[in-house]
Amino acid sequence: MTQAGPPGPPPPRSGGILLGVLFGGLTAVVSLTAIGRVWATCDIGINAAADSLTLVFLAPLIWIATAVAWVVLYGTLGRRHPGPALTAGIAFTVWFTWFLVTWLGIADSYPDPICPGNVPPWWPDHLPT
C-alpha cells in the first residue's frame, strides 16, 4: 500500500491565474475609483446613477482583461523566468490602469469650466493625459 505524500508544486498556470485574479481586481477597483472621481470632479455624465451603472458594467470587463493578460504572460514568460514575468505584469497593470483612467475618465471634447483642459485639478502634473 502506498502512502500519500505532500502535494507537489502547483502547475505554472495556477500562479498566473491567482495573480491575474488579484491584480485584475486591483486594477478594476483603482481604475473605476479614479474614473468616478474624475467624472464627479469635472461634472461629466448625465447623472450620478447613470455614471455609477456604467462603472458597474465596466468592472468585470476590466477585471477579465487584466486577468487574461496575466495568465498569458505567466503562460509564456513565467514558466522559465518568474521574476521578469512578475515585473512585466506589474508594469502592464500600472500602464493599463493609467490608460483606462485617461481614455475613459478624461473626456477630450467635453466643455467644462470646472476642469480647464478637461483635466481635474487634483491630477498630478507629471502624468500625461
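The values are calculated or read from the model by the stated rules, or taken from the named source; none is laboratory data. Computed from a prediction, not measured in an experiment: that's the story for all the values here. Here Cβ is always computed from backbone atoms with ideal geometry, including for glycine, and neighbour counts include all displayed protein chains. Note: accessible area is taken over every heavy atom of the protein model, side chains too, but ligands, DNA and RNA are not part of it. Shrake-Rupley method; radii C 1.70, N 1.55, O 1.52, S 1.80 Å.
A few notes on this one:
- Only a single item in (1) farther than 16 Å from W103 by Cα; (2) modelled with pLDDT of 90 or more; (3) open to solvent by 40 Å² or more (accessible area, probe 1.4 Å) is not met by D43, and it is number (2).
- Enumeration of residues in the stretch 54-85 that are surrounded by 15 or more Cβ atoms within 10 Å (Cβ to Cβ) and without any contact (Cβ under 8 Å) to a residue 12 or more places away in the chain: T54, L77
- Scanning the stretch 95-113 for residues that are closer than 15 Å to G25 by Cβ and either over 10 Å from the mean Cα position of the chain (by Cα) or open to solvent by 80 Å² or more (accessible area, probe 1.4 Å) (or both) turns up nothing.
- Residues being surrounded by 13 or more Cβ atoms within 10 Å (Cβ to Cβ) and without any contact (Cβ under 8 Å) to a residue 12 or more places away in the chain - total across the stretch 30-40: 1
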